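S.K.: Shown below is the structure under consideration.
The values are calculated or read from the model by the stated rules, or taken from the named source; none is laboratory data. All of these numbers come straight from a predicted model, not from anything done at the bench. Cβ coordinates were reconstructed from backbone atoms using ideal geometry, including for glycine residues, and neighbour counts include every protein chain displayed.
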Amino acid sequence: MGGLLIMQNDELLIRVMKNDDYDIMVKWLNVSRVLEFYEESPADLEKVTKKYGPRIEGSHYVKPYVVEFKNKRVGYIQYYEIQENDLKRYPILRDSRK
């Protein structure tokens, strides 16, 4: 999943997150409804840049994507391989890697 575009149809687009998306991440990460499910305190531009910058640059194992609907940014998704040191939390996955 290395390219810039993951999926697109007439109305929906899933693309790699860019530096231009920091502003929307700050906005989303300060919405109380989002914070109910997010394990961090409200964000500012500095925190967002520090966290998501390495992901955008490709130097972090988490791969960040932005979802657009009708040319409007509406969400964030990510994917990553479970890291070796986290496998103890997922015993079924550890067994399947043998």
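S.K.: Lys72 - would you say it is among the basic types (Lys, Arg) and under 14 Å from the mean Cα position of the chain (by Cα)?
M.R.: Against the criterion (among the basic types (Lys, Arg) and under 14 Å from the mean Cα position of the chain (by Cα)), Lys72 does not qualify.
S.K.: Can we say Tyr38 is part of a loop (DSSP other than H, G, I, E, B) and either under 15 Å from Met17 (Cα atoms) or at pLDDT 95 or above (or both)?
M.R.: So Tyr38 fails the test.
Every residue, every condition in (1) under 28 Å from Asn9 (Cβ atoms); (2) of a type in the set (Phe, Trp, Tyr); (3) in contact with a Leu (Cβ under 7 Å, 6 or more places away or on another chain), yes or no:
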position	(1), (2), (3)
Ser32	no, no, no
Leu45	no, no, no
Thr49	no, no, no
Val66	yes, no, no
Lys72	yes, no, no
Tyr79	yes, yes, no
Glu84	no, no, no
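S.K.: So which residues in the range 41-72 are part of a helix (DSSP H, G or I), surrounded by 13 or more Cβ atoms within 10 Å (Cβ to Cβ) and not polar (S, T, N, Q), if there are any at all?
M.R.: Scanning the range 41-72 gives Lys47, Val48, Lys51, Tyr52, Gly53, Pro54, Arg55, Ile56.
S.K.: Sticking with this structure for a sec: Please work out if Glu57 is under 20 Å from Arg15 (Cα atoms), modelled with pLDDT of 80 or more and not aromatic (Phe, Trp, Tyr).
M.R.: For Glu57, the condition - under 20 Å from Arg15 (Cα atoms), modelled with pLDDT of 80 or more and not aromatic (Phe, Trp, Tyr) - is met.
S.K.: Something else now. What number of residues within the range 73-97 are over 20 Å from Met7 (Cα atoms), outside any helix (DSSP H, G or I) and free of Cβ contacts under 8 Å to residues at least 12 places away in the same chain?
M.R.: 3
S.K.: Out of the residues in the range 1-35 that are in a loop (DSSP other than H, G, I, E, B) and at pLDDT 95 or above, state the one that is surrounded by the fewest Cβ atoms within 10 Å (Cβ to Cβ).
M.R.: Lys18
S.K.: Within the range 29-52, work out how many residues are in contact (Cβ under 8 Å) with a residue 24 or more places away in the chain and under 12 Å from the mean Cα position of the chain (by Cα). Outline the logic, then answer.
M.R.: Initially, the range 29-52 is screened for residues in contact (Cβ under 8 Å) with a residue 24 or more places away in the chain, giving 48-49, 52.
Imposing the further condition that a residue be under 12 Å from the mean Cα position of the chain (by Cα) reduces the set to 48, 52.
Summing the residues that are in contact (Cβ under 8 Å) with a residue 24 or more places away in the chain and under 12 Å from the mean Cα position of the chain (by Cα) in the range 29-52 gives 2.
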